[in-house]
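Student: Below is a structure I'd like to ask you about.
The values are calculated or read from the model by the stated rules, or taken from the named source; none is laboratory data. Model, not experiment: these values are computed from the prediction. Every residue, glycine as well, gets a Cβ built from its backbone with ideal geometry; the counts of neighbours run over all protein chains shown. Remember, those area values only see protein heavy atoms, side chains included, never the ligands or the DNA or RNA. Shrake-Rupley method; radii C 1.70, N 1.55, O 1.52, S 1.80 Å.
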Amino acid sequence: MAVTIKDVAKEANVATSTVSRVISDSPNISEKTKRKVRKVMEEMGYYINLNARVLVQQSTQNIGIVMKNSTIESLHDPFFPVVLQGISSYANKQDFSISITTGDTEEAILHDVEKMVQGKRVDGMVVTYSKENDKVVPYLLKCGIPFVVVGKPVVHTNEIMYVNNDNVLAAKDATEHLIKLGHEKIAFIGGDNEFEVSISRLRGYQETMQLHALKLNESYVKEAPSSDCIERIVTELLALPDRPTAIIGTDDLTSLHIMSVLRKKHVHVPEDISLISFNNTMVAQLSNPSLTSIDTNVFQLGYEAARCLIEEIKERSTYAKSVIIPTKIEIRDSTASI
(Lines give C-alpha, C1' and ligand atoms only; values in the text may rest on other atoms or scores of the structure.)
Protein backbone atom coordinates (compact mmCIF):
# COMPACT_ATOMS: atom_id res chain seq x y z
CA MET A 1 0.00 0.00 0.00
CA ALA A 2 1.31 3.47 -0.94
CA VAL A 3 2.48 5.75 1.85
CA THR A 4 0.15 8.74 2.44
CA ILE A 5 0.65 12.28 3.74
CA LYS A 6 -1.03 11.20 6.98
CA ASP A 7 1.54 8.41 7.42
CA VAL A 8 4.38 10.89 6.95
CA ALA A 9 2.81 13.38 9.36
CA LYS A 10 2.41 10.73 12.04
CA GLU A 11 6.00 9.49 11.69
CA ALA A 12 7.41 13.05 11.67
CA ASN A 13 5.13 14.08 14.57
CA VAL A 14 3.74 17.07 12.69
CA ALA A 15 0.34 18.08 11.34
CA THR A 16 -0.82 16.84 7.94
CA SER A 17 -1.06 20.47 6.82
CA THR A 18 2.64 20.89 7.68
CA VAL A 19 3.58 18.01 5.37
CA SER A 20 1.49 19.59 2.61
CA ARG A 21 3.28 22.91 3.08
CA VAL A 22 6.68 21.16 3.01
CA ILE A 23 5.71 19.52 -0.29
CA SER A 24 4.77 22.92 -1.73
CA ASP A 25 7.96 24.44 -0.23
CA SER A 26 6.02 27.02 1.74
CA PRO A 27 8.14 29.88 3.15
CA ASN A 28 6.05 29.65 6.33
CA ILE A 29 7.75 26.37 7.30
CA SER A 30 11.25 26.50 8.82
CA GLU A 31 14.16 24.85 7.03
CA LYS A 32 14.71 22.61 10.04
CA THR A 33 11.15 21.25 9.80
CA LYS A 34 11.45 20.87 6.03
CA ARG A 35 14.61 18.80 6.41
CA LYS A 36 12.99 16.65 9.08
CA VAL A 37 9.84 15.96 7.03
CA ARG A 38 11.74 15.35 3.79
CA LYS A 39 13.98 12.86 5.57
CA VAL A 40 10.91 10.95 6.79
CA MET A 41 9.39 11.06 3.29
CA GLU A 42 12.58 9.57 1.84
CA GLU A 43 12.83 6.87 4.52
CA MET A 44 9.18 5.86 4.15
CA GLY A 45 9.26 5.86 0.35
CA TYR A 46 6.64 8.58 -0.05
CA TYR A 47 6.33 9.85 -3.63
CA ILE A 48 4.68 13.16 -4.41
CA ASN A 49 1.59 12.82 -6.57
CA LEU A 50 2.14 15.43 -9.27
CA ASN A 51 -1.06 14.61 -11.11
CA ALA A 52 -3.78 14.86 -8.47
CA ARG A 53 -6.12 16.86 -10.70
CA VAL A 54 -5.58 14.59 -13.65
CA LEU A 55 -6.25 11.52 -11.55
CA VAL A 56 -9.81 12.70 -11.05
CA GLN A 57 -10.16 11.89 -14.74
CA GLN A 58 -8.45 8.52 -14.11
CA SER A 59 -5.64 9.21 -16.58
CA THR A 60 -2.35 11.08 -16.71
CA GLN A 61 -2.10 10.78 -20.53
CA ASN A 62 1.54 9.92 -19.89
CA ILE A 63 3.57 6.72 -20.35
CA GLY A 64 6.94 5.92 -18.80
CA ILE A 65 9.89 4.63 -20.81
CA VAL A 66 12.39 2.39 -18.99
CA MET A 67 15.87 2.49 -20.53
CA LYS A 68 18.23 -0.46 -20.14
CA ASN A 69 21.12 1.85 -19.12
CA SER A 70 21.43 5.50 -18.21
CA THR A 71 19.66 7.77 -20.70
CA ILE A 72 22.92 9.20 -22.03
CA GLU A 73 24.49 5.76 -22.53
CA SER A 74 21.34 4.36 -24.15
CA LEU A 75 20.99 7.26 -26.55
CA HIS A 76 24.54 6.67 -27.79
CA ASP A 77 23.23 3.38 -29.19
CA PRO A 78 21.37 4.23 -32.44
CA PHE A 79 18.74 1.55 -31.61
CA PHE A 80 17.17 3.48 -28.73
CA PRO A 81 16.56 6.87 -30.38
CA VAL A 82 14.71 5.09 -33.19
CA VAL A 83 12.65 3.04 -30.71
CA LEU A 84 11.78 6.29 -28.92
CA GLN A 85 10.76 7.85 -32.24
CA GLY A 86 8.34 4.98 -32.79
CA ILE A 87 6.91 5.23 -29.27
CA SER A 88 6.58 9.02 -29.52
CA SER A 89 4.94 8.82 -32.94
CA TYR A 90 2.03 6.69 -31.74
CA ALA A 91 1.82 8.37 -28.33
CA ASN A 92 1.51 11.77 -30.02
CA LYS A 93 -1.38 10.53 -32.16
CA GLN A 94 -3.19 9.51 -28.99
CA ASP A 95 -2.36 12.77 -27.12
CA PHE A 96 -0.05 10.94 -24.72
CA SER A 97 3.27 12.31 -23.51
CA ILE A 98 6.26 10.27 -22.38
CA SER A 99 8.64 10.29 -19.39
CA ILE A 100 12.04 8.59 -19.56
CA THR A 101 13.98 7.07 -16.67
CA THR A 102 17.17 9.02 -15.93
CA GLY A 103 18.95 6.78 -13.43
CA ASP A 104 22.53 5.76 -14.20
CA THR A 105 22.45 2.40 -12.36
CA GLU A 106 19.96 -0.48 -12.22
CA GLU A 107 18.97 0.58 -8.71
CA ALA A 108 18.48 4.21 -9.75
CA ILE A 109 16.40 3.18 -12.76
CA LEU A 110 14.18 1.02 -10.54
CA HIS A 111 13.83 3.96 -8.16
CA ASP A 112 12.73 6.15 -11.10
CA VAL A 113 10.11 3.53 -12.02
CA GLU A 114 8.86 3.39 -8.43
CA LYS A 115 8.48 7.18 -8.36
CA MET A 116 6.55 7.16 -11.64
CA VAL A 117 4.21 4.36 -10.55
CA GLN A 118 3.64 5.23 -6.89
CA GLY A 119 3.48 8.94 -7.63
CA LYS A 120 0.72 8.21 -10.19
CA ARG A 121 2.73 10.03 -12.85
CA VAL A 122 2.10 7.50 -15.64
CA ASP A 123 -0.72 5.31 -16.92
CA GLY A 124 1.64 2.59 -18.09
CA MET A 125 5.24 1.70 -18.87
CA VAL A 126 7.33 0.58 -21.86
CA VAL A 127 10.37 -1.50 -20.84
CA THR A 128 12.80 -1.23 -23.78
CA TYR A 129 14.72 -4.44 -23.04
CA SER A 130 14.31 -7.98 -21.74
CA LYS A 131 16.95 -9.45 -19.43
CA GLU A 132 17.55 -12.02 -16.73
CA ASN A 133 17.60 -10.92 -13.09
CA ASP A 134 15.72 -7.74 -13.96
CA LYS A 135 13.98 -6.00 -11.05
CA VAL A 136 11.75 -3.65 -13.03
CA VAL A 137 9.45 -6.21 -14.70
CA PRO A 138 8.69 -8.16 -11.48
CA TYR A 139 7.94 -4.84 -9.78
CA LEU A 140 5.52 -3.82 -12.56
CA LEU A 141 3.84 -7.23 -12.45
CA LYS A 142 3.35 -6.88 -8.71
CA CYS A 143 1.91 -3.36 -9.07
CA GLY A 144 -0.59 -4.40 -11.72
CA ILE A 145 0.07 -1.34 -13.87
CA PRO A 146 -0.19 -1.85 -17.67
CA PHE A 147 3.21 -2.33 -19.29
CA VAL A 148 4.80 -3.75 -22.41
CA VAL A 149 8.29 -5.16 -22.96
CA VAL A 150 10.33 -4.66 -26.14
CA GLY A 151 11.80 -8.16 -26.42
CA LYS A 152 10.55 -11.57 -25.33
CA PRO A 153 10.26 -11.68 -21.53
CA VAL A 154 12.69 -14.09 -19.89
CA VAL A 155 10.18 -15.07 -17.18
CA HIS A 156 6.36 -14.97 -16.93
CA THR A 157 6.28 -14.91 -20.73
CA ASN A 158 2.59 -15.81 -20.97
CA GLU A 159 1.63 -13.11 -18.47
CA ILE A 160 3.45 -10.19 -20.08
CA MET A 161 2.58 -8.14 -23.16
CA TYR A 162 5.56 -7.81 -25.48
CA VAL A 163 6.72 -6.71 -28.91
CA ASN A 164 9.67 -8.50 -30.45
CA ASN A 165 11.46 -9.79 -33.53
CA ASP A 166 12.11 -13.45 -34.15
CA ASN A 167 15.76 -12.99 -33.25
CA VAL A 168 16.58 -16.67 -33.73
CA LEU A 169 15.36 -16.43 -37.32
CA ALA A 170 17.16 -13.10 -37.83
CA ALA A 171 20.48 -14.67 -36.80
CA LYS A 172 19.79 -17.67 -39.00
CA ASP A 173 19.31 -15.34 -41.97
CA ALA A 174 22.58 -13.54 -41.19
CA THR A 175 24.49 -16.82 -40.90
CA GLU A 176 22.87 -18.27 -44.04
CA HIS A 177 23.92 -15.20 -46.02
CA LEU A 178 27.56 -15.71 -45.08
CA ILE A 179 27.44 -19.44 -45.78
CA LYS A 180 25.97 -18.80 -49.25
CA LEU A 181 28.97 -16.54 -49.90
CA GLY A 182 31.23 -19.50 -49.15
CA HIS A 183 32.18 -18.70 -45.56
CA GLU A 184 32.58 -21.61 -43.16
CA LYS A 185 34.73 -20.03 -40.45
CA ILE A 186 32.21 -17.60 -39.02
CA ALA A 187 32.70 -15.81 -35.70
CA PHE A 188 29.88 -14.46 -33.56
CA ILE A 189 30.33 -11.42 -31.33
CA GLY A 190 27.18 -11.17 -29.23
CA GLY A 191 26.01 -8.72 -26.62
CA ASP A 192 25.56 -9.20 -22.89
CA ASN A 193 24.13 -12.71 -22.39
CA GLU A 194 21.83 -11.41 -19.65
CA PHE A 195 19.68 -9.96 -22.42
CA GLU A 196 17.21 -12.20 -24.24
CA VAL A 197 18.08 -10.76 -27.65
CA SER A 198 21.73 -11.85 -27.28
CA ILE A 199 20.79 -15.39 -26.28
CA SER A 200 18.31 -15.76 -29.17
CA ARG A 201 20.75 -14.50 -31.81
CA LEU A 202 23.49 -16.81 -30.54
CA ARG A 203 21.05 -19.71 -30.77
CA GLY A 204 20.14 -18.82 -34.37
CA TYR A 205 23.83 -18.73 -35.33
CA GLN A 206 24.58 -22.05 -33.63
CA GLU A 207 21.58 -23.85 -35.14
CA THR A 208 22.45 -22.68 -38.66
CA MET A 209 26.09 -23.74 -38.35
CA GLN A 210 24.95 -27.18 -37.16
CA LEU A 211 22.37 -27.43 -39.96
CA HIS A 212 25.16 -27.01 -42.50
CA ALA A 213 27.44 -29.42 -40.62
CA LEU A 214 29.96 -26.65 -40.00
CA LYS A 215 32.27 -26.77 -37.00
CA LEU A 216 31.18 -24.71 -34.00
CA ASN A 217 34.53 -23.38 -32.87
CA GLU A 218 34.20 -22.15 -29.28
CA SER A 219 37.02 -19.69 -29.91
CA TYR A 220 34.83 -17.97 -32.51
CA VAL A 221 32.01 -17.16 -30.05
CA LYS A 222 32.53 -14.00 -27.99
CA GLU A 223 30.43 -11.99 -25.55
CA ALA A 224 30.77 -8.21 -25.67
CA PRO A 225 28.75 -6.70 -22.80
CA SER A 226 30.22 -3.26 -23.61
CA SER A 227 32.18 -1.51 -26.35
CA ASP A 228 35.26 -1.43 -24.10
CA CYS A 229 36.05 -5.08 -24.84
CA ILE A 230 35.68 -4.98 -28.66
CA GLU A 231 39.36 -4.35 -29.38
CA ARG A 232 40.43 -7.22 -27.12
CA ILE A 233 37.90 -9.60 -28.70
CA VAL A 234 38.83 -8.74 -32.30
CA THR A 235 42.53 -9.02 -31.44
CA GLU A 236 41.90 -12.50 -30.01
CA LEU A 237 40.04 -13.59 -33.16
CA LEU A 238 42.79 -12.32 -35.43
CA ALA A 239 45.45 -14.12 -33.37
CA LEU A 240 43.82 -17.54 -33.87
CA PRO A 241 45.86 -19.90 -36.05
CA ASP A 242 42.72 -20.50 -38.13
CA ARG A 243 41.13 -17.08 -37.92
CA PRO A 244 37.55 -16.50 -39.12
CA THR A 245 36.74 -15.21 -42.59
CA ALA A 246 33.49 -13.59 -41.44
CA ILE A 247 32.08 -12.01 -38.28
CA ILE A 248 28.50 -11.54 -37.13
CA GLY A 249 28.20 -8.46 -34.87
CA THR A 250 25.36 -8.15 -32.37
CA ASP A 251 24.28 -4.69 -33.57
CA ASP A 252 25.34 -1.85 -35.87
CA LEU A 253 27.25 0.12 -33.24
CA THR A 254 29.21 -2.96 -32.15
CA SER A 255 29.92 -3.78 -35.79
CA LEU A 256 31.17 -0.25 -36.41
CA HIS A 257 33.62 -0.73 -33.52
CA ILE A 258 34.66 -4.10 -34.97
CA MET A 259 35.28 -2.48 -38.34
CA SER A 260 37.34 0.27 -36.72
CA VAL A 261 39.59 -2.24 -34.94
CA LEU A 262 40.00 -4.29 -38.12
CA ARG A 263 41.02 -1.16 -40.02
CA LYS A 264 43.48 -0.27 -37.28
CA LYS A 265 45.06 -3.71 -37.71
CA HIS A 266 45.14 -3.35 -41.51
CA VAL A 267 42.47 -6.01 -42.05
CA HIS A 268 40.12 -5.02 -44.86
CA VAL A 269 36.33 -5.44 -44.93
CA PRO A 270 35.10 -7.34 -46.90
CA GLU A 271 38.26 -8.40 -48.75
CA ASP A 272 39.87 -10.07 -45.70
CA ILE A 273 36.89 -10.50 -43.39
CA SER A 274 33.17 -10.09 -44.13
CA LEU A 275 31.05 -8.39 -41.50
CA ILE A 276 27.28 -8.53 -40.97
CA SER A 277 25.18 -6.78 -38.34
CA PHE A 278 21.68 -6.28 -36.90
CA ASN A 279 19.12 -3.44 -36.70
CA ASN A 280 19.90 -1.60 -39.96
CA THR A 281 20.13 1.80 -38.31
CA MET A 282 21.63 4.89 -39.94
CA VAL A 283 25.05 3.70 -38.76
CA ALA A 284 24.86 0.71 -41.12
CA GLN A 285 24.08 2.92 -44.09
CA LEU A 286 26.72 5.57 -43.39
CA SER A 287 29.64 3.34 -42.37
CA ASN A 288 32.50 2.82 -44.81
CA PRO A 289 32.10 0.24 -46.23
CA SER A 290 28.36 0.24 -45.68
CA LEU A 291 27.18 -2.57 -43.41
CA THR A 292 25.12 -5.54 -44.49
CA SER A 293 22.57 -5.61 -41.69
CA ILE A 294 19.40 -7.40 -40.63
CA ASP A 295 16.61 -4.81 -40.60
CA THR A 296 14.69 -5.35 -37.36
CA ASN A 297 12.24 -2.50 -38.12
CA VAL A 298 13.30 -0.65 -34.96
CA PHE A 299 10.83 2.22 -35.44
CA GLN A 300 7.99 -0.28 -35.75
CA LEU A 301 9.06 -2.03 -32.55
CA GLY A 302 8.58 1.24 -30.68
CA TYR A 303 5.38 2.16 -32.53
CA GLU A 304 3.73 -1.20 -31.83
CA ALA A 305 4.89 -1.15 -28.20
CA ALA A 306 3.16 2.21 -27.69
CA ARG A 307 0.05 1.05 -29.55
CA CYS A 308 -0.28 -2.13 -27.47
CA LEU A 309 0.28 -0.24 -24.22
CA ILE A 310 -2.16 2.60 -24.89
CA GLU A 311 -4.83 0.15 -26.05
CA GLU A 312 -4.28 -1.74 -22.79
CA ILE A 313 -4.52 1.48 -20.78
CA LYS A 314 -7.82 2.37 -22.42
CA GLU A 315 -9.32 -1.10 -22.11
CA ARG A 316 -7.65 -3.87 -20.10
CA SER A 317 -7.53 -7.22 -21.91
CA THR A 318 -7.96 -10.66 -20.40
CA TYR A 319 -4.78 -12.07 -21.94
CA ALA A 320 -1.23 -10.90 -22.64
CA LYS A 321 -0.75 -9.84 -26.27
CA SER A 322 2.45 -10.39 -28.22
CA VAL A 323 3.46 -8.86 -31.55
CA ILE A 324 6.28 -10.17 -33.72
CA ILE A 325 7.80 -7.61 -36.10
CA PRO A 326 9.30 -9.19 -39.26
CA THR A 327 12.96 -8.80 -40.19
CA LYS A 328 14.77 -8.76 -43.54
CA ILE A 329 18.36 -8.60 -44.69
CA GLU A 330 19.79 -5.46 -46.31
CA ILE A 331 22.83 -6.49 -48.31
CA ARG A 332 25.51 -3.84 -48.64
CA ASP A 333 29.28 -3.66 -49.08
CA SER A 334 30.61 -5.31 -45.90
CA THR A 335 30.01 -8.89 -47.06
CA ALA A 336 31.54 -10.63 -50.07
CA SER A 337 32.26 -14.10 -51.47
CA ILE A 338 35.30 -15.80 -50.07
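Student: Assuming 0.36 nm per residue, please report the length gained on full extension of the stretch ASN288 to ARG35 beyond their Cα-Cα distance. List each step's numbers first, then the result.
Tutor: Values: separation 253, 0.36 × 253 = 91.08 nm, distance 5.66 nm.
Result for the pair: 85.4 nm of gain on full extension.
Student: Between (1) 1.02; (2) 1.09; (3) 0.95, which matches Rg/Rh (Cα atoms, Kirkwood Rh) calculated for the structure shown?
Tutor: Of the listed options (1) 1.02; (2) 1.09; (3) 0.95, (2) comes from this structure.
Student: Please list, in order along region 8-19, the HN-Hα scalar couplings obtained from phi with the Karplus expression 6.51 cos²θ - 1.76 cosθ + 1.60 (θ = phi - 60°), rounded to whole Hz, x for Gly and Pro.
Tutor: In residue order, the calculated couplings are 5, 4, 5, 5, 8, 6, 9, 6, 4, 5, 5, 4 Hz.
Student: Right, here's the next one. For PHE278, list long-range residues whose amide hydrogen, built 1.01 Å from N in the peptide plane, is under 5 Å from its own amide hydrogen.
Tutor: Amide H neighbours of PHE278, under 5 Å, 5+ apart: ASP251, ASP252, ILE294.
Student: Which percent, nearest 5, of DSSP beta bridges in the chain are antiparallel? Before the final figure, lay out each step's value.
Tutor: Details: 4 of 34 bridges.
Around 10 percent antiparallel, to the nearest 5.
Student: Also, quick follow-up: What is the percent carbon and sulfur in the accessible area of the chain, measuring with a 1.4 Å probe over the protein chains and ignoring ligands?
Tutor: 49 percent
Student: Taking the Cα centre of region 202-249 as origin and charging only Cβ (+1 Lys, Arg; -1 Asp, Glu), how large is the dipole, in debye to the nearest 20?
Tutor: Roughly 120 debye for region 202-249.
Student: Nearest 0.05, what FRET efficiency do HIS268 and GLN94 give at R0 = 51 Å with Cβ-Cβ as r?
Tutor: It comes out at approximately 0.55.
Student: Which one of ILE145, LEU181, LEU202 has its Cα pushed farthest toward the positive end of the charge dipole of the chain, where Lys and Arg give +1 and Asp and Glu give -1 at the Cβ?
Tutor: My answer, from the dipole projection, is ILE145.
Student: Oh, and also: Give LYS120/LYS328; LYS135/LYS215; LYS10/LYS115; LYS34/LYS142; LYS93/LYS321; LYS115/LYS222 a once-over and call out the pairs whose C-alpha atoms are over 30 Å from each other.
Tutor: Result: LYS120/LYS328; LYS135/LYS215; LYS34/LYS142; LYS115/LYS222 exceed 30 Å.
Student: Right, here's the next one. Using modelled amide H (1.01 Å from N, peptide plane; none on Pro or chain starts), what sits under 5 Å from the amide H of SER290, excluding residues fewer than 5 places away?
Tutor: Answer set, sorted by chain and number: ASP333.
Student: Further question on the same structure: Treating only the Cβ of Lys, Arg, Asp and Glu as charged (+1, +1, -1, -1), what charge dipole size does the chain show about its Cα centre? Round to the nearest 20 debye.
Tutor: It works out to roughly 1100 debye.
Student: While we're looking at this one, here's another question. Could you tell me which of rounded, prolate or oblate describes region 162-229, using a ≥ b ≥ c as the square roots of the eigenvalues of the alpha-carbon gyration tensor, with rounded for a/c under 1.5 and, failing that, prolate when a/b is larger than b/c and oblate otherwise?
Tutor: oblate
Student: Sticking with this structure for a sec: Once amide H atoms are placed 1.01 Å from N in the peptide plane, what residues at a sequence separation of 5 or more from PHE188, or on another chain, have their amide H within under 5 Å of its amide H?
Tutor: VAL221, LYS222, ILE248
Student: Please give the helix 79-93 orientation as an angle from the longest Cα principal axis of the chain, in degrees from 0 to 90, rounded to the nearest 10.
Tutor: Result, in degrees: 50.
Student: Which of MET161, ALA171, SER17 sits closest to the plus end of the dipole of the chain, meaning its Cα is farthest towards the positive end, when Lys and Arg get +1 and Asp and Glu get -1 on the C-beta?
Tutor: SER17
Student: To continue, here is another question. For region 205-338, what relative contact order do you get, as a whole percent, if you take Cα pairs closer than 8 Å and at least 6 residues apart?
Tutor: In percent, rounded to a whole number, it is 21.
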